[in-house]
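Since the structure comes first, as structure tokens, the remarks are kept for the end.
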Amino acid sequence: MKQPYKILLLLILITTGVVSAQEVVVYKKDFNADKIMDVIVNLTGSGIKIQQSDDDLIHIKYSIYFVNYSKRLQNKILEMGNFKINVEEKNYRLLINNRGKIGGWGGFAFYDLESFVKRDTNNKDLNISRKTKEDIVSEIKMRNSRISHYFNQDGTLKKNIKRAKFFKASLVLHLPKKVILRLRTESSGVFIDGISNVVKMRVKRGDFRMSSFVDSESNLEIDDANLFINEVVGGKYTFNNIRRGLIGSIAEATIISEFSNLEIGELQKGNTIKDFSSEFKFYHISPNNNNFNLDSDYSKLNIYGKNENNNLINAFKTKVKDGLSPAANFTLEDQNINLKVANGLIYYDN
């Protein structure tokens, strides 16, 4: 059943002081998941946050956040018709689409303001040579999108932009575990927080953030975006032109990448990487890292822990000696480790 467009006159004050920030709920509804197998989302120029539902319902809320806009200007913008969402239940599928490209500031949606204000002020941006898995996770938490460009730690606008006016659209979904999520976004901020659903996803431009991902059947394509994931176990990932990629740990996953920059806190067992012209930083490699497969061309590999007795690090060092030329062209095959490096560069660090 197709749902009509409507605006709920719900204004919620979410900050104090000099900031006038309000939420207008455009659409809010719950669906019974008994007859829904797939949730299909197509989103442009918006923010989306996806969490696990604690019941058997699919919860949808689509909101617009205004900062320093009067009620009159809010209504005028809403009347322009760009803030519309279609939700349709059809053939065991729930279809969600927004219309048009929405203005505002980029990056994650405005719901991240609360976690930004509550973050640990003692933490500093990391500037260390070798990061742990925990360091990567902390850095991901600190990178709370572009909000820090606009807000002070207490949630007030910075002095130089107190008169700034901006707005952002945000879609929040709560999904039961049994449904499959099929998500396609463009120029949007995506935040997936602790779900265990099968996910089929394509993200083009914007920011992608995920707390953990544990599913062997899922498939993610990230193109021309920033990437932040705390933990990966299983799944297939296609990364193209990742400007900044932070992954806390990764295990039993397949990565196909090109023209990307990826930092991995801990490379665990069972991974396959096929790459063209990317740069990887492997800060920690688990001992007895079995079943690792690498096929790379014009890739730059930074391997940390060069003096550790690690079978994967030792395999690299049999082909490219530490302290000599980093240029690499070789193939190594054995029962557990398969390395194919063409026109590559390999650097070792402590």
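The values are calculated or read from the model by the stated rules, or taken from the named source; none is laboratory data. Nothing here was measured: the structure is a model prediction, and the numbers come from that model. Here Cβ is always computed from backbone atoms with ideal geometry, including for glycine, and neighbour counts include all displayed protein chains. The protein model used for the area step is the full one, side chains on, heavy atoms only, and it has no ligands, DNA or RNA in it. Shrake-Rupley method; radii C 1.70, N 1.55, O 1.52, S 1.80 Å.
Distance from a point 7 Å along Cα→Cβ of residue 97 to each backbone N in segment 181-210: keep the residues under 11 Å and list them by number.
Zone members listed by number: none at all.
Give the distance, in whole Å, between the Cα centre of segment 235-259 and the Cα centre of segment 298-350.
Value for the Cα centre distance between the two parts: 19 Å.
So what's segment 213-328 giving for Cα Rg divided by 2.2 N^0.38 Å, two decimals?
Relative to the 2.2 N^0.38 Å estimate, segment 213-328 comes out at 1.02.
Expected output is a single nm value to one decimal: the length gained when fully extending between residue 88 and residue 56, i.e. 0.36 nm times separation in residues minus the C-alpha distance. What is it?
The span from residue 88 to residue 56 would gain 9.7 nm if fully extended.
Could you report the accessible area of residue 349 in Å², rounded to 10, computed with a 1.4 Å probe on the protein chains as they sit in the structure?
60
Of the heavy-atom accessible surface of segment 16-76 (probe 1.4 angstrom), what whole percent is carbon and sulfur?
49
Starting at the first residue of segment 184-198, write each ³J(HN,Hα) from the Karplus equation 6.51 cos²θ - 1.76 cosθ + 1.60 with θ = phi - 60°, in whole Hz, x for Gly and Pro.
10, 10, 9, 6, 10, x, 10, 10, 10, 10, x, 9, 10, 6, 5
Per residue, how much accessible area does segment 209-350 show when a 1.4 Å probe rolls over the protein heavy atoms, in square angstrom?
42
By how many nm would the segment from residue 308 to residue 324 lengthen if fully extended, with 0.36 nm per residue of separation less the alpha-carbon distance?
Computed gain between residue 308 and residue 324 is 3.9 nm.
Which order do 308, 333 take by accessible area at a 1.4 Å probe, largest first?
The residues order as 333, 308, largest area first.
Can you tell me how much longer the chain between residue 259 and residue 290 gets when fully stretched, taken as 0.36 nm per residue apart minus their C-alpha distance, in nm with one decimal?
Here the answer is 8.5 nm.
Would you mind getting me the FRET efficiency between residue 347 and residue 29? Use the beta-carbon distance for r and R0 = 45 Å, nearest 0.05.
Rounded to the nearest 0.05, the efficiency is 0.25.
Which three extents, in whole angstrom, do the alpha-carbon atoms of segment 274-316 cover along their principal axes, largest first?
Cα spread of segment 274-316 along its principal axes, largest to smallest: 28, 19, 13 Å.
Please name which of 58, 70, 47 has its Cα lying farthest along the dipole of segment 39-84 towards the positive end, using unit charges on Cβ (Lys, Arg +1; Asp, Glu -1) and the Cα centre as origin.
So the residue furthest toward the plus end is 70.
Can you give the charge dipole size of segment 195-350 about its Cα centre, rounded to the nearest 20 debye, using +1 on the beta carbon of Lys and Arg and -1 on the beta carbon of Asp and Glu?
Using only the charged Cβ atoms, the result is roughly 220 debye.
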